[in-house]
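The values are calculated or read from the model by the stated rules, or taken from the named source; none is laboratory data. From a predicted model like this one, the values you see are computed outputs, not experimental measurements. Reconstructed Cβ throughout: ideal geometry from the backbone, glycine too, with neighbour counts over all protein chains shown. The protein model used for the area step is the full one, side chains on, heavy atoms only, and it has no ligands, DNA or RNA in it. Shrake-Rupley method; radii C 1.70, N 1.55, O 1.52, S 1.80 Å.
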Amino acid sequence: MRVSELFTRTLRDAPADADLVSHQLAIRAGLVRPAAAGIYAIMPLGWRVIRNIARVLREEMDAVGGQELVMPVVQPAEIWQASGRWDVFGPVLQKFASDAGREFALAPTHEDMVAYLAAREIASYKQLPQVIYQIQTKYRNEPRPRGGLIRLREFTMKDAYSLHRDADDLARVYEEMVRAYWRVFERVGIEAVAVEADNGAMGGSGSHEFVLRHAQGEALFAACDTCDYRANSEAAAFVLDQPEIGALQPVEKVATPDCKTIEDVAAYVGVPRRQTLKAVFFVHERPESSRFVFVVIRGDLEVNEVKLINALGGGELRAATDDEIRATGAVPGYASPLGLDPGVLVVADQSVRAGANFVVGANDEGYHLTGVNVPRDFDPAHVADIAEAYEGRAVPAARRGICTWSGRSSWGTVSSLARATPRQSARPIWTRTGRPARS
RNA sequence: CGGGGCGUAGCGCAGUCUGGCUAGCGCGCACCGUUCGGGUCGGUGAGGUCCCCGGUUCAAAUCCGGGCGCCCCGACCA
């Protein structure tokens, strides 16, 4: 067909609100046209690209025994209530009611529908394993769509789901899926990097994310400079440095006026940041309850909320308000795990054991304590790795490689899930794979 | 949800601070001419709720109040 007959026109100037080069080119070339924030029309040229990618995906999914189907985008509330996720998913799940008052949701993912179908189709373990997949629209009511096509509300995803009778079978198909993904990326011409990922709220064990090294990506991943360790920022582990510990000092209360941040305190007292302890406050929310969480971490580190959620066993986190902090007896800016109400849940990062003679808040406006030691002065009930890795840390695998950070843009994940949805009993073990084909 | 920016012709912009000619410019579009050809050159022309609502004023794109939308940073991201 001639370009002169093309439905789409091309543009010499990119729209002012397109910042990323990829976004500018996609619009100027007429691949896509915006309809609303995070919602695009795929124009004829763009659709050709998607169809070509889809063809490759179908061939590779079929090659590992996948059966294609199409599940609905509009799904009745009952399916989400049955899996327990109707009330848990949060605002990303776009709910709406028909005029008659029947409740529906736009599918942001299809596990729940798969569970619904599998429960009706699979009558015996002899029917397993099964691999099904679809190339279908997803709708996620993202709080902030961004970067043109980087993060969309409405998008197309290839998602595959496998159902298994046991863990060995799952592990076998998991590996097949990972290999299938490599073939897809190779054929499509994407230089993907496989990184260890976290399953997040889906739970389960084992997850690989295929990412594109991309400066404007949504997030970061860590890569070891000497070994092949690769992990996204939610999953990256690192080796904690162990400062030399001299003689333990006694606890002393010192005045630290106007020192509400770690930088201020460290500078005022004259110690490195890693000789301070920082308190961070969250409210841990679950469908049935919410609880205040007092988190303690070494001053030079940041809390990784995904790790913290995992340490807490799931649920959601939000930052606590100052009022909620005061209600526990802690003083914002000068909070201390020492002398807290014993009813307050304290979770400490393992870094609190890496160091000595820490400077911590005194729970008294304008004062800090020095010479605080673990476990002599406080002994946290819960200690876990909840710190975010960062550039320059040694990675655990090689024990000496240095971690470097790169931007990442997610092109797909393969996850191995323990069990679909605990509330739906007699469900087979199944895995979810997939998340590519965002144009 | 917090911080910042923007909204004037299909696209890119000027005009707004300091209210007042008929709201302009480039590209694109239509028509006529021109060229072997061209992202050619020349001419003519169409196209505007100046984001919306309200207010101030003799007079509002411009000032004031409210709202909506879009983009960026952060929070979030199953």
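See the values below:
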{"quantity": "DSSP-defined antiparallel bridges as percent of all bridges, region A:252-384, nearest 5", "calculated": "70"}
{"quantity": "Percent accessible area from carbon and sulfur atoms, chain A, protein chains only, probe 1.4 Å", "calculated": "50"}
{"quantity": "Gyration tensor (alpha-carbon) shape descriptor, region A:100-242, a/c threshold 1.5", "calculated": "oblate"}
{"quantity": "Square roots of 5 times each gyration tensor eigenvalue, C-alpha, chain A, largest first, Å", "calculated": "44, 26, 23"}
{"quantity": "Cα principal axis extents for region A:58-181, largest first, Å", "calculated": "43, 37, 22"}
{"quantity": "Contact order relative to length of region A:252-384, as percent, for alpha carbon pairs under 8 angstrom and 6 or more apart", "calculated": "28"}
{"quantity": "Net lengthening on full extension, A:Glu59/A:Asp385 (0.36 nm per residue, minus Cα-Cα)", "calculated": "113.2 nm"}
{"quantity": "Relative contact order, percent, chain A [alpha-carbon distance under 8 Å, six or more residues apart]", "calculated": "19"}
{"quantity": "Nearest-10 value in Å² for the accessible area of A:Arg120, using the 1.4 Å probe", "calculated": "150"}
{"quantity": "Filter on A:Lys126/A:Lys158; A:Lys138/A:Lys307; A:Lys95/A:Lys158 - keep pairs with C-alpha separation over 25 Å", "calculated": "A:Lys126/A:Lys158; A:Lys138/A:Lys307"}
{"quantity": "Amide H within-cut-off set for A:Val347, under 5 Å, with H built and near neighbours excluded", "calculated": "A:Phe294, A:Val295, A:Val296"}
{"quantity": "GNM flexibility winner over chain A from A:Ala37, A:Ala115, A:Ala16 (Cα, springs under 10 Å)", "calculated": "A:Ala16"}
{"quantity": "Candidate lysines for bridging to A:Lys260, where Cα separation is under 22 Å - those fewer than 8 sequence places away on the same chain excluded", "calculated": "A:Lys278"}
{"quantity": "A:Trp411 accessible area, assembled protein chains, probe 1.4 Å, Å²", "calculated": "60"}
{"quantity": "Heavy atoms of A:Thr137 accessible to a 1.4 Å probe, total area in Å² rounded to 10", "calculated": "40"}
{"quantity": "Rg over Rh [alpha-carbon atoms, Kirkwood Rh] for region A:120-186", "calculated": "1.10"}
{"quantity": "Two-site FRET efficiency, A:Leu6 against A:Asn52, from Cβ-Cβ distance with R₀ of 22 Å, rounded to 0.05", "calculated": "0.80"}
{"quantity": "Cα-based helix-to-principal-axis angle, A:44-63 vs chain A, degrees rounded to 10", "calculated": "80"}
{"quantity": "Within a Gaussian network of chain A (alpha carbon springs, distance under 10 Å), most fluctuating of A:Val383, A:Val414, A:Val70", "calculated": "A:Val70"}
{"quantity": "Binned Cα-Cα distance frequencies in region A:252-384 - 10 Å width, integer %", "calculated": "13, 46, 34, 7, 0"}
{"quantity": "Sum of side-chain charges, A:Gly371 neighbourhood, beta-carbon under 12 Å (Lys, Arg +1; Asp, Glu -1)", "calculated": "0"}
{"quantity": "For region A:278-350, fraction of C-alpha pairs farther apart than 13 Å, in %", "calculated": "62"}
